[in-house]
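The structure appears below as structure tokens.
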Amino acid sequence: MNRVYLDNSATTAVDPRVIEAMMPYFGERYGNASSLHSFGHEALEAVSIGRKQVATFLGATPKEVYFTAGGTESDNMALQGVAYARKEEGNHIITSSIEHPAVLETCAFLETVGFEVTYLPVDTTGRVLPSTLEAAMTERTTLVSIMHANNEIGTTQDIRDLARVAHDHGALFHTDAVQSAGKLPLDVESLGVDLLSLSGHKIHGPKGIGALYVREGTPIKPVVYGGGHERGLRSSTENVPGIVGVGMACELAHTYLDVDISLMNQMRDALIEGISDTIPQAVLNGHPTERLCNNVNMSFAGVEGEALILSLDRAGIAASTGSACSSKTSKASHVLLAIGLDQALALGSLRLTLSRMNTMEDIAYTIEKLPAMVARFRAMSPLWKEE
Amino acid sequence: MGFEFNENVIEHFENPRNVGEIPDADVIETVGSPVCGDMLTLYIKLKDDKIEDIKFKTYGCGAAIATSSLFTELVKGKTVEEALKVTSDVVVEAIGGLPEKKVHCSLLAPDAFKQAIEKYRAKQ
């Protein structure tokens, strides 16, 4: 049976070149990067190369790159770290209503310890308007956190404009770039951000490793205390194989960015067109143009998403509905509700996300299989009326 | 999320029995709504206190489709009193078990059936 993986926003396959680079650090080069002997030096050397690779990918300097255990930890560090470091200056944080739970739940926690959080609404395409941010800024606002691209609907934000608004009011700006990495240029200078979160496993790197970019001079406190690793910001013995892996993943993403984007754009557009041409009343969720090159999110009236995922899975196609994190509960996605979808259309959403490892054959196979599945569910749906 | 469904569930999901409408149904009942995430409409035709025919339509997940299908199969031809004893526990056991977080889906059809019968009896 064909196996087609279209859930690359959940995780990606590790690139064989990444695996190859990592392998020695599970084996003979097992040293602790903090040790003074040659075993330690080998590890430290690898960590320093990894840091340079991530820095180059982001247009940053190596000392502005801090390794973490993943995107969620990076988001936690950025929000909690800056909130606490600047709490004498203010207790107000601004974010958007469509952030990943890593940001939303951290904000919810910060609210319980005396911080105030404003959750900005988005328009029907999922965009945060700079004017909306401007209106929410106060003298007490110390940090604004808005994701570069949304994990469910793929809508991208004008981070540069939003960061400028934050800076005009004396606030720092963090962006969660977990989904945009490898799909959009990520230059911290042109984005104008102070902090940026990155994850290894979304860019064909390993799981359990991520990075936080922190602009030099940014006030930030640690969340994890201990032996003072990562210049005191994130204690924990360096995950050397992980760092080597995320470093190589960033290097590959950087080298092939233009080719990857153009390939994914082509597949995405073919998928949207193929689905729209063959399935009546298929609605594209998100923004028509300001969206990630790897994201397709569509709703089919009268169809329940989870049943569709099961049918696709039976045909060997891996996809998701809502976000992979929230689909254990049958609640509609907070992102789809925020862009104004009614509950039924939100529950009937299908997310197909691509990577550079997909092919046009994958797209053709999906377009071949999907219409009959949607038709089958509609035929048994009390909500579907044939026009 | 991982679909840990057994072959029985998958078989009913892929080939559900008794899907559709009964134009001259004696009673039609709907439970759930798109807001709950699951919705089921039952069409029932009764003859001499027996379920002569039963069909369903559903907007629901795989487990909802499979258990509704099996429910209609179990009650067809039974008397109303026998059919009322086909609870969600009976359905789950007959289908060979469901993942814990999917057990609630098996309530749809028995609930709809119970309500349908109450509605039918109130009309008589």
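The values are calculated or read from the model by the stated rules, or taken from the named source; none is laboratory data. All values derive from a computational prediction rather than experimental measurement. Cβ sites come from the backbone with ideal geometry, for glycine too, and all protein chains shown count toward neighbours. We work out accessible area using only protein heavy atoms, side chains counted, and drop any ligands, DNA or RNA first. Shrake-Rupley method; radii C 1.70, N 1.55, O 1.52, S 1.80 Å.
Checking every one of the chymotrypsin sites (Phe, Trp or Tyr not before Pro) in segment A:14-72 against DSSP loop status and a limit of 11 other Cβ atoms within 10 Å picks out A:Phe26.
Using only the alpha-carbon atoms, how far is helix A:159-168 inclined from the longest principal axis of chain A? Give it as 0 to 90 degrees, nearest 10. Helix A:159-168 sits roughly 50 degrees off the main axis of chain A. Charge tally around A:Asp362: other residues with Cβ under 13 Å, Lys/Arg +1 each, Asp/Glu -1 each, net +1. Taking the square roots of 5 times each eigenvalue of the Cα gyration tensor of chain B, largest first, gives ellipsoid semi-axes of 24, 15, 13 Å.
Considering only A:Tyr84, A:Tyr213, A:Tyr225, the mean-square fluctuation computed in a Gaussian network model of chain A, springs between alpha carbons under 10 angstrom, is largest for A:Tyr225. Applied to segment A:48-57, the Karplus parametrisation 6.51 cos²θ - 1.76 cosθ + 1.60 on θ = phi - 60° returns per-residue 3J(HN,Hα) values of 6, 5, x, 5, 5, 4, 5, 4, 4, 4 Hz, with x for Gly and Pro. Extending 7 Å from Cα along the Cβ direction at B:Glu7 and again at A:Phe109 yields two label points whose distance is 4.6 nm.
Under a GNM of chain A (C-alpha, springs under 10 Å), which listed residue has the highest mean-square fluctuation: A:Pro62, A:Pro101, A:Pro288? Among A:Pro62, A:Pro101, A:Pro288, the largest GNM mean-square fluctuation belongs to A:Pro288. Per residue of peptide B:58-69, the mean number of Cβ atoms on other chains within 10 Å of the residue Cβ is 5. Here the Karplus curve 6.51 cos²θ - 1.76 cosθ + 1.60, taken at θ = phi - 60°, turns the phi angles of segment B:90-98 into couplings of 4, 5, 4, 5, 5, 8, x, x, 9 Hz, with x standing for Gly and Pro. Averaged over peptide B:28-38, the number of partner chain Cβ atoms lying within 10 Å of each residue's Cβ comes to 4. Computed over protein heavy atoms with a 1.4 Å probe, the carbon and sulfur contribution to the accessible area of the protein assembly as shown reaches 53%. Each 5 Å bin from zero up to the one holding the largest Cα-Cα distance in segment A:16-255 carries the following percent of pairs: 1, 7, 15, 19, 19, 15, 11, 7, 4, 2, 1, 0. Remark: mean inter-chain Cβ contacts per residue of A:307-316 equal 4, using a 10 Å Cβ-Cβ cutoff to other protein chain atoms. Taking a straight Cα-Cα cut-off under 19 Å and skipping sequence neighbours fewer than 8 places away in the same chain, the aspartates and glutamates within cross-link reach of B:Lys50 are B:Glu21, B:Asp24, B:Asp26, B:Glu29, B:Glu73, B:Glu81, B:Glu82, B:Asp111, B:Glu118. Taking amide H as placed 1.01 Å from N in the peptide plane, A:Thr155 has its amide H under 5 Å from the amide H of A:Asn150, A:His287, A:Leu292, each at least 5 places away in sequence or on another chain.
Qualifying trypsin sites (Lys or Arg not before Pro) in segment A:332-387, where qualification requires a DSSP coil assignment and no more than 10 other C-beta atoms within 10 Å, comprise A:Lys385.
Can you give the Rg to Rh ratio for the protein assembly as shown, taking only C-alpha atoms and Rh from Kirkwood?
On the Cα set of the protein assembly as shown, Rg over Rh gives 1.05.
Name the residues whose placed amide hydrogens come within less than 5 Å of the amide hydrogen of A:Phe173, ignoring near sequence neighbours (fewer than 5 apart) on the same chain. Long-range HN contacts for A:Phe173: A:Val144, A:Asp194, A:Leu195. Pairs from the list A:Lys221/A:Lys331; B:Lys78/B:Lys119; B:Lys57/B:Lys78; A:Lys331/B:Lys123 with a Cα-Cα gap above 30 Å: A:Lys221/A:Lys331; A:Lys331/B:Lys123. The packing ranking, built from the mean of other Cβ atoms within 10 Å per residue, places the peptides A:12-22, A:194-204 in the order A:194-204, A:12-22, highest first.
Averaging the Cα positions of each part gives two centres, and for segment A:107-172 and segment A:243-296 these lie 25 Å apart.
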